[in-house]
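These notes are about the structure you will find just below.
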Amino acid sequence: MLIAEENESNRQVWLEKALSAIPPGLRILDAGAGELKNRKHCRHLVYVSQDFGQYTGGKGEAATQGLHDCHWDTSRIDLVSDIAAIPAPDASFDAILCSEVLEHVPEPTHALDEFARLLKPGGTVILTAPFSSNVHMAPYHFCSGFSRYWYEHHLTLRGFEIKEIVSNGDWYSLLRQEILRLGGLERRQGGWYWPFAYAYAVLGVVYFRVRKKHRADDLACFGWHCIAVKK
């Protein structure tokens, strides 16, 4: 598996499992749904998507800032709105999914407030967000990431009980990802020394293949995956 795929692949496996555990026929809100990537895991549910619909891909100045998607289509979104002011009645959803979105929200705790309003008692919120992320989707990138302690503090404060919180990868996975990113980044910058960056990456790959498999998710990881229930 390419390391660039590990983050996404791990997350999709976890999301499919978490979403399939929701009983059929319940109503779910996919908050910050973007291009509806996770809709395929919600075929057994009544699916409603929400997004603010302002990011359209890396264009103009944004194309030179961090990482970006060249094309981004949110034309199929059901509810176009601010994630902190979604036009739906109180307690109108049985579940809410919010995956890889909170880092793009200027005040992410306001999104949690909105989820608490929209969920029925006993409803489930499924959250994923990066622990450490490079700038992406500029200029809509406001936070580098969230620790498990952020979830534990803010969800508990809003009357949620955390049922599961697990790390996606660990510090070594994150380091390996960035080492493998180095060659392409240096080549894009146009420096003459980019071949050395690729050589360094090869040495990194060899190192990670021979090192003992001790985890360090207490130090860092790709991100945390969380399931919580509204009391």
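The values are calculated or read from the model by the stated rules, or taken from the named source; none is laboratory data. Worth saying up front: this structure is predicted, and the values here are computed from it rather than measured. Using ideal geometry, Cβ is built from the backbone for each residue, glycine included, and neighbour counts are taken over all protein chains shown. Protein only, heavy atoms only, side chains kept; ligands, DNA and RNA dropped before computing areas. Shrake-Rupley method; radii C 1.70, N 1.55, O 1.52, S 1.80 Å.
Could you work out the helix-only [θ] at 222 nm for the chain, with each DSSP H run of four or more residues adding -39,500 (n - 2.57) and the total divided by the number of residues, to the nearest 500 deg cm²/dmol?
-10500 deg cm²/dmol
Just to confirm, what accessible area per residue do you get for the stretch 1-56 at 1.4 Å probe, in whole Å²?
It amounts to 51 Å² per residue over the stretch 1-56.
How big is the stretch 113-205 in terms of Cα radius of gyration and Dmax, in angstroms?
Computed over the Cα atoms of the stretch 113-205, radius of gyration and Dmax are 18.9, 59 Å.
By Kyte-Doolittle mean hydropathy of at least -0.5 and Cα axial length of at least 18 Å, which whole DSSP H helices of the chain are selected?
Flagged H segments are 194-210.
Test of understanding: extend the Cα→C-beta vector of LEU219 to 7 Å, then name every residue of the stretch 162-200 with backbone N under 13 Å from that spot.
170-176
Estimate the FRET efficiency between THR109 and SER132 by the formula 1/(1 + (r/R0)^6), using the beta-carbon distance for r and 22 Å for R0, to the nearest 0.05.
Step by step, r from the Cβ atoms, then E = 0.65.
Pull up the DSSP beta bridges for the chain and report the antiparallel fraction as a percent, rounded to 5.
Around 45 percent of the beta bridges assigned by DSSP in the chain are antiparallel ones.
Determine the shape class of the chain: with a ≥ b ≥ c the square roots of the Cα gyration tensor eigenvalues, call it rounded for a/c under 1.5, and otherwise prolate if a/b is greater than b/c, oblate otherwise.
prolate
Report the net charge of residues surrounding PRO24, where surrounding means a beta-carbon distance below 14 angstrom and charges are Lys +1, Arg +1, Asp -1, Glu -1.
Within the 14 Å Cβ shell, the charges total +1.
Hey, how much of the P(r) for the stretch 34-139 falls beyond 20 Å, as a percent of Cα pairs?
So the pairs more than 20 Å apart make up 43 percent of the total in the stretch 34-139.
Please find the FRET efficiency linking ARG43 to LYS17, where r is the Cβ-Cβ separation and R0 is fixed at 22 Å, and quote it to the nearest 0.05.
Efficiency, rounded to the nearest 0.05: 0.90.
Is any residue of the stretch 150-174 close enough, with backbone N under 13 Å, to a label point placed 7 angstrom from the Cα of ARG211 along the Cα-Cβ axis, and if so, which?
Output list for this probe position: 170-174.
Rank-order 101-110, 210-219 by packing density, defined as the average count of other C-beta atoms within 10 Å over each peptide's residues, highest first.
Most protected by this proxy first, the peptides run 101-110, 210-219.
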